[in-house]
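Below: the structure, in structure tokens.
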Amino acid sequence: MNVANVLPLRLLRGLGLLLAVLGALQLAGCVTYAPPRPFTTEAETLAAKGEPTRRWTNDDGSSTLEFATQPNGRSCLMVEVDQGGIVLRQWNALSEDNLARVQKGMTHDEVDRLLGQHRSEQVFKQSGEEVWDWNVRNDGPGVGTLFNVHFIDGKVVRTSQTYVYPREGPYFGPWGYPYPYYRHPFFPPHPFFPYW
């Protein structure tokens, strides 16, 4: 048996073993991850999260603390505490279950309280719609997902989702590669793009 023929085979086996070990370690890291434990008091919540974005007072005397992460985050932690500062419950306002609670006919204030601070709002004069959007978890195509709530005359008429795709254009080029589509007047043509 020639040593030159055996060496690549041994390297491939070693590389395969190394990849298998790294994959097992990666999976072990996923298994040992535990979600953060729930907060028990208002003081503990404020120490961990800082001051809330907003504080809502409920009818029964309890308060809801809103920790919004918009415009760049994808969650909004809501923590309900009683008058004594004990946490009653906490939830992500931008979870799929909570997004499904947006109903036709809700007002701006009801949606704001249900989902937390929105990322942006746009007004479409032709349709008379005002659209609020939130960054949400991206399970679809593209690089991001927006949950949209459409209002007409201050009432919800429908909801929708928008998938955000990578930017294309003169700066990024097709599929994000940075070469210009046009010749700059002060620079000679690029050798790889001679058709300018």
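Quick notes on this structure:
- Region 42-164, dipole about Cα centre (Lys/Arg Cβ +1, Asp/Glu Cβ -1), debye to the nearest 20: 380
- Residue 62/residue 18 FRET efficiency (R0 45 Å; Cβ-Cβ; nearest 0.05): 0.25
- Extents of region 42-164, largest first, come to 49, 32, 22 Å (Cα atoms, principal axes, whole angstrom).
Values quoted throughout were computed directly from the atomic coordinates according to the rules given, and no laboratory measurement underlies them. Keep in mind the model is a prediction, meaning the values are calculated, not measured. So basically every Cβ, Gly included, is an ideal-geometry build from the backbone, and we count neighbours across all protein chains shown.
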